[in-house]
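Q: Handing you a structure now.
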Amino acid sequence: MSSEASPVLLKVEGLTKHFPITKGVFRRQVGAVKAVDGISFDIFKGETLGLVGESGCGKSTAGRVILQLYPTTAGKVSFKGQDLMSLSKEDLRKQRPQMQMIFQDPQDSLNPRMTVGSIISEPLVEHGKFKGSERRERVEQLLESVGMNREFTNRYPHEFSGGQRQRIGIARAIALSPEFIICDEPIAALDVSIQAQVVNLLEDLQEEYGLTYLFISHDLSMIRHIADRVAVMYLGRIVELTDSETLYSTPLHPYTQALLSAVPIHDPKHEKKRERVILTGDVPSPANPPPGCHFSTRCPRAEKRCFEDSPEWREIAPGHQVACHLV
Amino acid sequence: MYAVNGISFDLKKGELLGIVGESGSGKSVTMMSLLKLLPMPPAEIVSGTAKFEDQDLLQLDTKQLRKIRSGKIGFIFQDPMTSLNPVLTIGYQLAEPMREHLGLSRRKARKRSAELLEQVGIPMAESRLGDYPHQFSGGMRQRVMIAIALACDPKVLIADEPTTALDVTIQAQILDIVKQLRKDLGMAIIWITHDLGVVAGIADRVAVMYGGFIVEEAPVDELYANPKHPYTQGLLKTLPNLEGERAERLESISGQPPDLRQKPQSCPFAPRCSNVLERCLQENPSIVNRGINHKVACWWNPDSGEKE
């Protein structure tokens, strides 16, 4: 997949999302949780962009803000050149079929009182696509394309295992033939032997329908497998973005280096020889991030300026962006 | 539910045994039943023995068990938030087992609590004894749990998915501490996890569980270099690599994990196995030695040369 040659499908510029912290009876705002603090990236048509980071770094919020499921605090998201924030509610609704989401927990994201058939056909009904027997046919065809039996339309979510429920969630996401899907930790709740099944399915669907993915995950090994390019997030900001091969072979940001060295490898011989960068301390609270570089409090290489100035987000090689004073 | 079915293993002094399996494979239930931590009824231990220093744990009464639990055998659970009491200070929760099991005075217990916290890498340990669990982050809470488990100098530490709820950089910190503590204190550890990567880094020996059975057991290097059970082989192949070549497509194990409500008659992995034989559907294989210290429960044996 040559991402550079493809047109930009989604452009994110300076995207920011702050959740207010209020106090007292009058709900006076006393601060803000800076969940996403000015992130920018492009997603090219047909590629998979991986977004990695630890819990609380803002990666899921970023996904939701991009789809306008939360109102934005600042910044701009354009989909195929159209600014999503300038759209009216109705116009945005008309755009929705092109952008879908697959959620982490298939237990919580499927209504337990709806049959599988009605879960998958709901987006079709909502957007007035297909009628009567045609719609039924479409639902059955969708079930088949995610590797499930056509006969399952009248069953309920609880009758299925986690992996199968995630397949139902995927069938719902592709029902309206979207171009762009945000996969928010789609395999985190699944068993190891099932994860590969779901990832293979997502790759097959991408090939078949030419889908573009934003794949949000904390699993660095899986991101390496599925993503063409990877963005690493830390405390609301993207610290490094480049193609998957470069990121894993020559990471430049000290956080990316530490993160990669912390991932356990399933090979005991290799594991004993590895040099680890063990970070000290915990991730600071996004309500009160450190001044300067957000990573400065844990960075093994931090200098004076790291504690004072925010590093600039700059391109140091074609397609390789980093935010660090020391690179 | 047939959660755990006739499994046997031993743990040598100072050894770290990794128990690997997916959810529902019975790995936690095994450990909980060792110390009778499951509510009984409905749970029931049908048969078996569990010898600890020549004492059968399953025959002990509640009072005797109490002495062993957290005295000689320490326990760390997956979620430190639900296993710490939110309304008691960390200092109290640390001191309690020492006063109970070791008969330490309040002052001595407090002193040792501070030492323990320091040992697991909590800064300004003494001043944090008066804090409550919610004032600690997830990684710090798990350190507190480890400190509590270590309080009475246990001979055995049972850790049930202790790093699963944590981020990788915090997990690396905890693994580092555990390795260091093992070196310093020389206790035996049973480490239960679903993460083959974590086990590769810390275990001496690994047992793989599936559907309530141990299907393979071997020293760690041997298991990863030369897996013999089709489930272990499949599991290692499904994992994407962090380094080296990137697979075009992940290998996957088809099908779903077994339903534990059915009494297992055949090999539990047979429906998903690519090497399934006629015999696998009729008889459950027992675990046998195949190679030095390498035990496998499988009818399929390509090394033997003879057809089963």
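Q: Output yes when any residue across the range B:65-78 is under 29 Å from B:K295 (Cβ atoms), in contact with a Phe, Trp or Tyr (Cβ under 9 Å, 6 or more places away or on another chain), of a type in the set (G, A, S) and not in a loop (DSSP other than H, G, I, E, B), and no when none is.
A: Scanning the range B:65-78 turns up no residue that is under 29 Å from B:K295 (Cβ atoms), in contact with a Phe, Trp or Tyr (Cβ under 9 Å, 6 or more places away or on another chain), of a type in the set (G, A, S) and not in a loop (DSSP other than H, G, I, E, B).
Q: How many residues does the range B:233-263 contain that are part of a loop (DSSP other than H, G, I, E, B), of a type outside the set (D, E) and either surrounded by fewer than 17 Cβ atoms within 10 Å (Cβ to Cβ) or more than 7 Å from every other protein chain (Cβ to nearest Cβ) (or both)?
A: 12
Q: Name every residue in the range A:106-118 that is within 21 Å of A:I187 (Cβ to Cβ) and surrounded by fewer than 17 Cβ atoms within 10 Å (Cβ to Cβ), in order of residue number.
A: Within the range A:106-118, A:Q107, A:D108 qualify.
Q: Moving on to the next point. Taking only the range B:174-204 into account, find how many residues are more than 11 Å from chain A (Cβ to nearest Cβ) and surrounded by 22 or more Cβ atoms within 10 Å (Cβ to Cβ).
A: Result for the range B:174-204: 4.
Q: What number goes with the only condition from (1) buried (at least 23 other Cβ atoms within 10 Å of the Cβ); (2) at the interface with chain B (Cβ under 7 Å from one of its Cβ atoms); (3) without any contact (Cβ under 8 Å) to a residue 60 or more places away in the chain that A:L247 does not pass?
A: (2)
Q: Is at least one residue of the range A:282-302 crowded, with 21+ Cβ neighbours inside 10 Å, in a helix (DSSP H, G or I), within 11 Å of chain B (Cβ to nearest Cβ) and at pLDDT below 95?
A: no
Q: If the requirement is being closer than 24 Å to A:P186 by Cα and within 12 Å of another protein chain (Cβ to nearest Cβ), which of these qualifies: A:I278, A:I238, A:I223?
A: A:I223
Q: Another one. Output the residues belonging to the range A:158-173 that are under 13 Å from B:Q256 (Cα atoms) and small (G, A, S).
A: Within the range A:158-173, A:S161, A:G162, A:G163 meet the criteria.
Q: Do any helices (runs of 4 or more DSSP H) lying entirely in the range A:98-211 carry at least 1 residues that are within 14 Å of chain B (Cβ to nearest Cβ), aliphatic (A, V, I, L, M) and within 28 Å of B:V168 (Cβ to Cβ), and which ones are they?
A: A:192-209
Q: Oh, and also: Going residue by residue through the range A:250-267, is there one that turns out to be of a type in the set (V, I, T), part of a loop (DSSP other than H, G, I, E, B) and either at the interface with chain B (Cβ under 9 Å from one of its Cβ atoms) or at positive phi (or both)?
A: The answer is yes, given that some residue of the range A:250-267 is of a type in the set (V, I, T), part of a loop (DSSP other than H, G, I, E, B) and either at the interface with chain B (Cβ under 9 Å from one of its Cβ atoms) or at positive phi (or both).
Q: Follow-up. Determine which member of the set B:M98, B:M31 is touching a residue at least 12 places away in the same chain (Cβ under 8 Å) and in contact with a helix residue (DSSP H, G or I) (Cβ under 8 Å, 6 or more places away or on another chain).
A: B:M98
Q: Kindly state which helices (runs of 4 or more DSSP H) lie completely within the range B:90-173 and contain at least 3 residues that are basic (K, R) and within 14 Å of chain A (Cβ to nearest Cβ).
A: In the range B:90-173, no matching helices (runs of 4 or more DSSP H) lie anywhere.
Q: Condition check: over 17 Å from A:L15 (Cβ atoms), among the charged types (D, E, K, R) and outside any loop (DSSP other than H, G, I, E, B). Does A:D37 satisfy that?
A: no
Q: Consider A:V77 carefully, then state whether it is crowded, with 18+ Cβ neighbours inside 10 Å and either under 27 Å from A:T246 (Cα atoms) or of a type in the set (K, R) (or both).
A: yes
The values are calculated or read from the model by the stated rules, or taken from the named source; none is laboratory data. What you are looking at is a predicted structure, and each value in this text was computed from that prediction instead of being measured. For neighbour counting, all protein chains shown are included, and Cβ atoms are generated from backbone atoms with ideal geometry for every residue, glycine included.
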